[in-house]
Amino acid sequence: MKKILLIATGGTIASVQTEDGMMPGLDGQGLIDRVPALKAICEIDTLELMQLDSTNIQPEHWIDMARTIKNNYDLYDGFVISHGTDTMAYSSAALYYMLENLNKPVVLTGSQLSLTEDGTDAPDNLITAFTAASKGRPGVYLTFYGRLIQGNAAKKLYTEHFHAFHSINVPEVAVLEQGELKFNPDYEAYLKEHAPKPATGDLIIHDQLSKKVVMIELTPGFDKNYIKFLVEAGCQGIVLKVFGSGGIPGVESPGNILPCIDYAISHGVQVVATTQCVFDGTHMDRYEVGVTALKHGVKSGGPLTSEALIVKMMLELGRKQA
Ligand code: ASP
C-alpha cells in the first residue's frame, strides 16, 4: 500500500461550530478517523501544520507547506493537503510554481461543509484526494467534487455549491469513477502541447516571494491616480483585471489610465493584464484598446488565472530581490 502524508492546515473541512461561527477545530487524525473508507486506499500519516481559516493564509504559509513536503519527501509516496477553500486556488498555484522536479503527487482539497455537518462533501473530496495521491500522477493538483484540476488552473466559482472549483482554460485532469481515476483524453491532448518540465533531479523549492504585488479590478470611473499611489507606496507588480479580451481605457476615454500605466512601468513596476471574464483568458491583440496597452508595456496574462499570475509575479519579483 502506498504511504501518504496528510498535511492539515484547517479550513471548513476541519471546522467546528463556535459562538463566533465556524472555525477549524479538528486535527488531521480527526479528519481521517471520520472517513473509514480511506484505510482501504492507502496508509496515512498526519501532520498538523496549521489550523487556519484559509482567509488567514499568507505566502509564509505556502513556504511552510513547500518545506514540509521537502522535509518528508523521501518518506512518502504522495501528499494530501487539507485546506480551506477560500484561498485554496492560490495555495495550489503557489505550490505548482514553487516545487521544481516534483516526482510525486501533491493534492490539495477541502470542502464546502465541515466533516462534522450532515450531508458533508468532505468524505468524497478526501477519498478523491487520497486516490489521486496514491494512484495518480506526479504534480500539484486541486481536487473537488470528484474532479482533479491542474494546480495552477483552479478557481473557486461558488461560495456554497459542492462543484465549487472549476478548471480554467485547461481541461480537467481526471474524474473519480467507481473508485478509479479516469484521466481525461482532452487533458492528455493538452499535455502534448504543454508538456510540464520533466523532473531531472532532486526536489527544489522556490521560496523567495515578494509581497509587493497587488491586483486591481478596473471599473468604469476608475481613478488612474490609484495606480500612482500604489507605485509611491512601493508596489512592484500589478495584476490588472481588465475588461473582456484585454481592454484598458485609453485616449478616447475621460478615464484614460495609460499615463499612470506609463508612470508605473517607468518606475520598474510590472503590469500584467488578466480578464474579468472567468474563461478564455486575455487576447490583447484583438482590439485597439488592448494593442495600445501592449504598446505601453502591459503584459498579457493569456490563459492563466489571476491566482496563477499573482503567485508567478510574487516569485519572479522575489527571485530578483534575492
Ligand atoms: N472560510 C473557509 C476557509 O477558506 C471556507 C472553506 O474552507 O470552505 O477556510
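The values are calculated or read from the model by the stated rules, or taken from the named source; none is laboratory data. Computed from a predicted model, the values in this text were never measured in an experiment. Methodologically, a virtual Cβ is constructed for each residue, glycine included, from the backbone with ideal geometry; neighbour enumeration extends over all protein chains shown. These accessible areas exclude ligands, DNA and RNA; they are computed on the full protein's heavy atoms, side chains included. Shrake-Rupley method; radii C 1.70, N 1.55, O 1.52, S 1.80 Å.
How many of the residues making up the stretch 165-175 are more than 16 Å from Val107 (Cα to Cα) and in contact with a strand residue (DSSP E or B) (Cβ under 9 Å, 6 or more places away or on another chain)? Show your work before the answer.
Our first condition is that a residue be more than 16 Å from Val107 (Cα to Cα); within the stretch 165-175, this holds for 168-171.
Subset that is in contact with a strand residue (DSSP E or B) (Cβ under 9 Å, 6 or more places away or on another chain): 168, 170-171.
Residues in the stretch 165-175 being more than 16 Å from Val107 (Cα to Cα) and in contact with a strand residue (DSSP E or B) (Cβ under 9 Å, 6 or more places away or on another chain): 3 in total.
Filtering the stretch 128-139 down to residues that are open to solvent by 10 Å² or more (accessible area, probe 1.4 Å) and within 16 Å of Leu99 (Cβ to Cβ), which residue is nearest to the chain's Cα centre (by Cα)?
Gly139
If you scan the stretch 275-304, which residues turn out to be among the charged types (D, E, K, R) and assigned to a helix (DSSP H, G or I)?
Filtering the stretch 275-304 down to residues among the charged types (D, E, K, R) leaves 280, 285-286, 288, 295, 299.
Within the stretch 275-304, Glu288, Lys295 meet the criteria.
Please list, ordered by first then second residue, the pairs with beta carbon atoms under 8 Å, 6 or more apart or interchain, first in the stretch 43-61 and free of Cβ contacts under 8 Å to residues at least 40 places away in the same chain, second within 16 Å of the ligand (Cβ to nearest atom).
What qualifies is Thr55/Gly84; Thr55/Asp86; Thr55/Thr87.
Which condition breaks for Gly247 when tested against (1) over 26 Å from the mean Cα position of the chain (by Cα); (2) at pLDDT below 95?
(1)
Do we find a residue being crowded, with 21+ Cβ neighbours inside 10 Å and within 25 Å of Phe279 (Cβ to Cβ) anywhere in the stretch 120-127? Spell out how you get there, then give the answer.
Looking only at the stretch 120-127, we keep the residues that are crowded, with 21+ Cβ neighbours inside 10 Å, and these are 121-122, 125-126.
This time we only want the ones that are within 25 Å of Phe279 (Cβ to Cβ), so: 121, 125.
The answer is yes, given that some residue of the stretch 120-127 is crowded, with 21+ Cβ neighbours inside 10 Å and within 25 Å of Phe279 (Cβ to Cβ).
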